[in-house]
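Below is one structure; the comments refer to it alone.
The values are calculated or read from the model by the stated rules, or taken from the named source; none is laboratory data. The shown structure was predicted, so the numbers you read here are calculated from the model rather than taken from an experiment. Methodologically, a virtual Cβ is constructed for each residue, glycine included, from the backbone with ideal geometry; neighbour enumeration extends over all protein chains shown. SASA here: full protein model, heavy atoms, side chains in, ligands and nucleic acids out. Shrake-Rupley method; radii C 1.70, N 1.55, O 1.52, S 1.80 Å.
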Amino acid sequence: RRGLQNADGYGQTSQDVLIPSFVAAYTGRKIDDVFESFKPSAKFMQPNWKVTFSGLNNIKALKDIVRNIELSHAYTSKYSVGSYVSNLDWKCDANGLSVIRDLSNNFIPQYEVATVTLTDQLSPFISLSATFVNNLTSSISTSRTRTMVLSLSNNQITETYGKEWSLSLGYRFDDLPIVFGKDKGAKQFSNDLNLTFALSQRDNYTILRRIEEADNELASGTKTTAIKFSADYAFTKRFNMQFYYDQSIGKPYISSSYPTNNINVGVSFILSLTE
């Protein structure tokens, strides 16, 4: 049913108009290149992928510096229907087309759909991780996500966008000695000390688009910065001590929300009683 919008019985709030238009608008395609039904056939399936490249390990100049370098990239896309039910008021003519109209003068569809969702994820968009010969590990990555939900009960689109980047560093001290007590009563341990540091920032915001009112509203959004540090030391195979620091700073985009700054810091002791 191409070109139905503004035709008799197919207004801008008609389900048969909204779903193809929604898919075409957010996938960048022409209306003739998207599926008509809310249940697409297999020919409309699109590829998802994940690419990992470790060829940098073969560069001779890097072999004396790093043990392993890896680049990765991934993309996933999903189309989903929240729920749908058979419309008991639906009747069709000899051509299978609806002949009953609703209060908006639109033809009643055979199936009544609640929501349609499109999700795109570049996670990671790009990621680089490296393990150095001196026990230092590092990684840096960035991601992009977006989720679009078409609600057919109130003719509204909810767009949620997310951007994130992260940086992490780790270092291991091999056989680090720690001594408790003095002289003959002293107790010495010699195990690995693992240090980790992570810094990340995530930017989320949600936009509401009301189709009938042609109105757009920034509904929510927060830029969150996270700082994490931890130090782990295993005194024995069953007893581990960890010092941790975790801070999260949130800056909202709308005036009805407040900035936040949460800090968790402390020491934890883990005793394992299992083999």
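If you take the residues in region 157-188 that are among the charged types (D, E, K, R), in contact with a Lys or Arg (Cβ under 9 Å, 6 or more places away or on another chain) and farther than 18 Å from N216 by Cα, which one is most open to solvent (accessible area, probe 1.4 Å)? Quick ask: steps written out before the conclusion?
We begin by selecting, within region 157-188, every residue among the charged types (D, E, K, R); these are 159, 163-164, 172, 174-175, 182-184, 187.
The next check asks that each one be in contact with a Lys or Arg (Cβ under 9 Å, 6 or more places away or on another chain); those that pass are 159, 163-164.
Those still in the list that are farther than 18 Å from N216 by Cα too: 163-164.
Numbers: K163: 97, E164: 65 Å².
Among residues in region 157-188 that are among the charged types (D, E, K, R), in contact with a Lys or Arg (Cβ under 9 Å, 6 or more places away or on another chain) and farther than 18 Å from N216 by Cα, the one most open to solvent (accessible area, probe 1.4 Å) is K163.
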request  = May I ask you to verify whether N154 is open to solvent by 40 Å² or more (accessible area, probe 1.4 Å), polar (S, T, N, Q) and within 28 Å of V81 (Cβ to Cβ)?
outcome  = yes
inquiry  = Which count do you get for residues in region 55-81 that are open to solvent by less than 50 Å² (accessible area, probe 1.4 Å), assigned to a strand (DSSP E or B) and more than 30 Å from S37 (Cα to Cα)?
reply    = 4
ask   = Would a scan of region 30-51 turn up a residue that is in a loop (DSSP other than H, G, I, E, B) and at positive phi?
value = no
Restricting region 14-54 to residues that are modelled with pLDDT under 85 and β-branched (V, I, T), the residue that is most open to solvent (accessible area, probe 1.4 Å) = I31
query = Which of (1) surrounded by 16 or more Cβ atoms within 10 Å (Cβ to Cβ); (2) at pLDDT below 95; (3) closer than 30 Å to S83 by Cβ; (4) touching a strand residue (DSSP E or B) at 6+ places or on another chain (Cβ under 6 Å) is the odd one out, the single condition D232 does not satisfy?
reply = (3)
remark   = Of those in region 231-273 that are in a strand (DSSP E or B), touching a Ser or Thr at 6+ places or on another chain (Cβ under 6 Å) and of a type outside the set (S, T, Y), the residue nearest to I178 (Cα to Cα) is Q242
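Could you check region 252-275 and list, in sequence order, the residues that are loosely packed, with under 15 Cβ neighbours inside 10 Å and in contact (Cβ under 8 Å) with a residue 24 or more places away in the chain? Steps first, answer last, please.
Of the residues in region 252-275, the ones loosely packed, with under 15 Cβ neighbours inside 10 Å are 254-275.
Across region 252-275, the qualifying residues are I254, S257, V267, S268, F269, I270, L271, S272, L273.
Kindly indicate whether S77 is over 18 Å from V149 (Cα atoms) and touching a residue at least 12 places away in the same chain (Cβ under 8 Å). Spell out the reasoning first.
Numbers: over 18 Å from V149 (Cα atoms): no; touching a residue at least 12 places away in the same chain (Cβ under 8 Å): yes.
It is false that S77 is over 18 Å from V149 (Cα atoms) and touching a residue at least 12 places away in the same chain (Cβ under 8 Å).
In region 82-101, what residues are in a loop (DSSP other than H, G, I, E, B) and surrounded by 10 or more Cβ atoms within 10 Å (Cβ to Cβ)?
Initial filter on region 82-101 (in a loop (DSSP other than H, G, I, E, B)): 82-83, 87-91, 93-97, 99-100.
Across region 82-101, the qualifying residues are G82, N87, D89, W90, K91, L97, V99, I100.
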query = Just checking, how many residues over region 99-135 are hydroxyl-bearing (S, T, Y) and in contact (Cβ under 8 Å) with a residue 60 or more places away in the chain?
reply = 4
